[in-house]
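Where a number appears in this text, it was derived from the coordinates with a stated rule and is not lab data. All figures in this text were calculated on a predicted structure; none of them were measured in a lab. Neighbour counts are summed over all protein chains in view; Cβ atoms, including those assigned to glycine, are modelled from backbone coordinates with ideal geometry.
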Amino acid sequence: LIVRPPDPVERYRLARRDAGLVVVEGIHALKHAVRFGAEILDARTADAARLRRLVAELAPDVADAIRGLVRPTDRELFARLAPSPHPTGVIAIARRPALDVQAVLERSEPAPVVFLERPTHHGNIGAVVRVAAAAGAGAVLVTGDRDPWHPAAVRGGAGLQFALPVTRVESLPSTDRPIVALDPAGEPAAAGAIPRRSVLVFGSERTGISGALLHRAERRVAIPMAPGVSSLNLATAVAAVLYAYVPR
Ligand SMILES: C[S@@+](CC[C@H](N)C(=O)[O-])C[C@H]1O[C@@H](n2cnc3c(N)ncnc32)[C@H](O)[C@@H]1O
């Protein structure tokens with residue numbers, strides 16, 4: 001009996017559609033994945049010498065681990081592992097961490113939970129994950145049909161999906177946390193005025209927050225803007241709120 005190793009092109013293609021796996025593209029995303037304890041199932045580079053230089057410069061703390069994980073792969077094969085190969089010449093498949101959303105919401109530790117209602121852009125979702133990780137948020141929860149673990153969101157988040165709980169949910173579960181809606185039509189809030197243990201609700205790039213979620217919120221808070229400006233970019237709004245409105 002001859003057991004053939006799985007075809008790498010097919011393996012990466014299937015991993016993109018597998019809800020238990022994630023394709024990690026680029027050195028920054030792989031660095032954070034390894035630093036925050038991801039289980040890496042396969043990792044490849046088209047340029048082993050360049051990768052050695054990059055990890056020495058950008059990720060010395062995990063350089064040995066990355067060098068031990070990544071398998072050199074010829075350029076022609078590497079180019080077929082992603083629709084648009086990452087310029088840093090590295091790609092991996094990792095397992096998505098399991099997550100209990102109710103347990104995350106029930107945590108007594110007062111880190112804010114960022115809730116995105118039906119975001120449309122994977123790059124925006126990634127940017128939200130990145131700033132949420134940086135600001136010490138407790139989780140990022142997302143409704144709608146965009147996957148916060150999509151390879152484009154993981155690129156945008158520099159792999160920081162592995163640094164805090166991140167998942168798609170059907171809707172906002174019931175919670176004892178204060179629910180605060182961030183809405184350009186809300187009341188301007190003072191700096192530091194949003195309690196740390198809140199759920200911070202942000203709306204879709206196009207349509208804002210739904211009536212149902214606005215109804216559940218106990219407050220609607222606006223980030224002040226100059227006259228004539230309708231709204232901030234979603235990830236920019238999340239950054240402003242986490243850094244300026246939630247006490248640290
Ligand atoms: C691009 S905006 C959506 C704009 C949408 N047309 C609206 O009217 O809400 C995406 C989300 O970012 C947040 N946001 C943007 N600018 C904001 C502001 N000035 N104050 C509070 N939240 C803001 C809101 O949660 C908003 O739903």
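What is the extension gain from I2 to T120, computed as 0.36 nm multiplied by their sequence separation minus the C-alpha to C-alpha distance, in nm to one decimal?
Numbers: separation 118, 0.36 × 118 = 42.48 nm, distance 4.56 nm.
Extra length from I2 to T120 when fully extended: 37.9 nm.
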Q | the chain - mean residue ellipticity at 222 nm from DSSP helices (-39,500 (n - 2.57) per run, n ≥ 4, rounded to 500) | A | -8000 deg cm²/dmol
Q: Return the sequence-ordered ³J(HN,Hα) values of the range 7-22 in whole Hz as given by the Karplus equation 6.51 cos²θ - 1.76 cosθ + 1.60 applied to θ = phi - 60°, using x for Gly and Pro.
A: 5, x, 5, 5, 4, 6, 5, 5, 4, 5, 9, 9, 5, x, 10, 8
(Q) Among DSSP bridges having both ends in the chain, what percentage is antiparallel? Round to the nearest 5. (A) 35 percent
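Can you compute the FRET efficiency between R13 and E205 using 1/(1 + (r/R0)^6), with r the Cβ-Cβ distance and R0 = 22 Å? Round to the nearest 0.05. The partial results should precede the final answer.
Numbers: r = 29 Å, r/R0 = 1.31.
Efficiency, rounded to the nearest 0.05: 0.15.
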(Q) Using Cα springs under 10 Å in a Gaussian network model of the chain, which residue among A46, A191, A226 shows the largest mean-square fluctuation? (A) A226
Q: Rank by packing, highest mean first: peptides 20-29, 90-99, with packing defined as the count of other Cβ atoms within 10 Å averaged across residues.
A: 20-29, 90-99
Q. FRET efficiency for L41 and D145, Cβ-Cβ distance as r, R0 = 25 Å, nearest 0.05?
A. 0.45
**Q.** Square roots of five times the Cα gyration tensor eigenvalues for the chain, Å
**A.** 37, 18, 17
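By average Cβ neighbour count within 10 Å, what is the ranking of 118-128, 148-158, 211-221, 179-189 from highest down? Before the final figure, lay out each step's value.
On the way: 118-128: 21.1, 148-158: 23.5, 211-221: 15.1, 179-189: 18.4.
Per-residue Cβ counts within 10 Å, averaged per peptide and sorted highest first, yield 148-158, 118-128, 179-189, 211-221.
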